[in-house]
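Q: Structure below; questions to follow.
Nothing in this text is a laboratory measurement; each read-out follows from the coordinates by a stated rule. Here the structure is a predicted model, which means the values were calculated and not measured. Glycine gets a Cβ as well: all are built from the backbone with ideal geometry, and neighbour counts include every protein chain shown.
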Amino acid sequence: MKEKLIFRLQRSFYWIKRDYRFQYFDWFINNLSLDRVSLLDIQNELIQKIVNYAYNNTAYYRQLFDKFKINPGEIRNREDIKRIPPLTKENLSKYCEKIKANDKYGGKLVRITSGGSTGNQSIVYKSKYYIEMSYAASMRNNTIANWWPYDKVLFLWGSPIEFQNLQKSLLLKLSYKINRRYLLNAYNYGRQDFQNWAKLISRKKIKVIYGYATILKDFADYIIKNKIKIGGIKSVVSTTEKLINKDIIENAFNCKVFDQYGCREVLGVSIEDGSGHMLIADDNVVLNINEDGKILLTALHSYGFPLLNYEVGDIGFIESPVKNNSTLPFTCMRLIIGRVTDNFITEENNIISSSSISTALSMFNIKVSEQQVIQRSYRDFLVLYIPRTDFIYSFYRETFYKLFRRFFGSEIKIEF
């Protein structure tokens with residue numbers, strides 16, 4: 001009964017804000033009961049709509065299709081999408097204005113910068129409709145991992161930006177409270193923090209833990225080593241990084257661990273089911289992998305700024321298509337994502353998540369194609385980068401120094 005009341009409160013909160021994610025959530029939830037053929041019919045219809053929309057409403061796709069003699073009416077399914085040349089991050093930067101649609105969806109767009117955890121950044125724009133559909137798809141995907149909107153969730157999060165925004169915004173604080181989310185600093189943490197994290201889980205009766213794979217593993221090691229009993233957790237969901245040592249995390253929290261895949265540009269791509277297979281959200285996205293192993297995503301609801309065959313920057317491969325033994329109608333596969341990250345360390349022996357560094361950098365338009373940061377000692381760093389044509393070195397250097405001083409102190413040395 002309490003959960004139903006909380007669910008109603010959440011729906012009312014977003015309805016008052018004229019945010020329709022919960023209405024879209026209902027549509028995504030209903031798709032769980034479809035058979036495979038019916039879901040593919042929906043996907044094919046969505047493919048045809050977004051492809052024709054892109055051609056008719058953006059200069060970029062019209063010129064691209066005409067150049068390669070692609071008839072948008074002939075793109076009808078996942079295989080057909082492979083005919084469309086990939087949308088690279090370089091093209092995003094170069095043709096950004098041409099990708100913006102000239103209709104109502106393109107009239108008011110929100111700028112989104114990718115997290116950069118793949119080593120390169122991109123800037124995309126999202127319409128209100130696309131944002132709400134993306135959140136709705138993610139919420140639906142989470143239910144496959146036994147995580148419902150009304151569950152109390154602990155976010156082990158590595159982005160200082162979220163913490164800064166939370167401190168400044170009363171509306172955001174209210175949103176976190178209504179959505180029963182608890183945000184913990186996982187971008188600058190030490191082993192001494194784990195005891196407090198464990199106490200919070202018990203005190204707040206947390207049901208779901210969500211965080212970076214490496215942080216979950218560190219936390220799990222501490223729990224096992226110190227023989228701490230963690231009870232009541234329904235699910236642990238891992239994100240951003242390749243999930244390793246899954247058995248250790250499951251042992252520590254006494255529940256199943258689910259891997260999740262997506263990115264800031266395209267949320268809700270896939271989530272693991274109970275058998276360890278990745279389910280691709282076919283009613284939200286089309287996932288293809290080219291001959292070089294690069295993952296290409298088509299966001300089926302990206303009206304306003306269409307993303308067709310978007311080269312996200314991740315490398316992966318499909319280990320093998322597998323038979324979907326569950327009742328769910330999604331594409332089922334063992335999808336191996338080649339995104340592995342290392343962490344930084346401070347002189348005080350605190351861990352700085354590399355994902356948090358890349359997320360913080362993503363807030364600045366630094367205009368590089370790729371970059372890599374190597375920590376040579378506690379305060380000595382090497383930054384390797386490939387600049388874009390509109391790159392400004394002085395801004396890039398200043399951004400790095402400002403950010404790294406916040407994490408590592410004022411006495412740092414950075415070689416570019």
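Q: Need one number: nm distance between label points at Ile29 and Leu328, each 7 Å from Cα along Cα→Cβ, rounded to one decimal.
A: Between Ile29 and Leu328, the simple spin-label model gives 1.6 nm.
Q: Can you compute log10 of I(q)/I(0) for the stretch 364-415 with the Debye formula, treating each Cα as one identical point scatterer, at q = 0.17 Å⁻¹?
A: -0.51
Q: How big is the antiparallel share of DSSP beta bridges in the chain, given as a percent to the nearest 5?
A: Here the share of antiparallel DSSP bridges comes out near 65 percent.
Q: Need the list of lysines near Lys229 for cross-linking: C-alpha distance under 24 angstrom, and skip anything on the same chain fewer than eight residues off.
A: Lys152, Lys199, Lys204, Lys205, Lys207, Lys217, Lys246, Lys256
Q: Using the Karplus equation 6.51 cos²θ - 1.76 cosθ + 1.60 (θ = phi - 60°), what ³J(HN,Hα) coupling, rounded to whole Hz, does each residue of the stretch 54-71 give in order, writing x for Gly and Pro?
A: Here the 3J(HN,Hα) series is 4, 5, 7, 10, 10, 5, 4, 6, 4, 5, 5, 5, 5, 4, 9, 6, 9, 8 Hz.
Q: How big is the equivalent ellipsoid of the stretch 328-413 along its three axes, where each semi-axis is √(5λ) from the Cα gyration tensor, reported in whole Å from largest to smallest?
A: Over the Cα atoms of the stretch 328-413, the ellipsoid semi-axes are 28, 20, 11 Å.
Q: Further, regarding this structure: In whole Å and largest first, what semi-axes does the C-alpha gyration tensor of the stretch 1-102 yield when each eigenvalue is scaled by 5 and square-rooted?
A: Output for the stretch 1-102: semi-axes of 35, 20, 11 Å.
Q: Can you classify the chain as rounded, prolate or oblate using the Cα gyration tensor, where a ≥ b ≥ c are the square roots of its eigenvalues, rounded means a/c under 1.5, and otherwise it's prolate if a/b beats b/c and oblate if not?
A: In terms of gyration-tensor shape, oblate.
Q: Using a 7 Å offset from the Cα along the Cα-to-Cβ direction at both Leu382 and Arg397, what is the distance between the two label points in nm, to one decimal?
A: Output for this residue pair reads 1.9 nm.
Q: I need the chymotrypsin sites (Phe, Trp or Tyr not before Pro) found in the stretch 1-102, filtered to DSSP loop residues with at most 10 other beta carbons within 10 Å of theirs.
A: When the chymotrypsin sites (Phe, Trp or Tyr not before Pro) of the stretch 1-102 are filtered for loop state and at most 10 Cβ neighbours within 10 Å, Phe68 remain.
Q: Among Pro72, Trp148, Ser354, whose Cα lies farthest out toward the positive end of the dipole of the chain, if unit charges sit on the beta carbon of Lys, Arg (+1) and Asp, Glu (-1)?
A: Highest projection toward the positive end goes to Trp148.
Q: Let me ask something additional. List, in order, the whole-Hz ³J(HN,Hα) value for each residue of the stretch 401-416 obtained from phi through the Karplus relation with A = 6.51, B = -1.76, C = 1.60 and θ = phi - 60°; use x for Gly and Pro.
A: In residue order, the calculated couplings are 4, 4, 5, 6, 5, 5, 8, 10, x, 6, 8, 10, 10, 10, 9, 9 Hz.
Q: Compute, for the stretch 1-351, the length of the dipole vector about the Cα centre, with Cβ point charges of +1 (Lys, Arg) and -1 (Asp, Glu) only. Units Debye, rounded to 20.
A: My answer is approximately 1500 debye.
Q: Taking the Cα centre of the stretch 158-302 as origin, work out the dipole magnitude from +1 charges on Lys and Arg Cβ and -1 charges on Asp and Glu Cβ, in debye rounded to 20.
A: Charge dipole, the stretch 158-302, about its Cα centre: 1240 debye, nearest 20.
Q: Which residue fluctuates most in the GNM of the chain (Cα springs below 10 Å): Met278, Met363, Met333?
A: Maximum among the listed residues: Met363.
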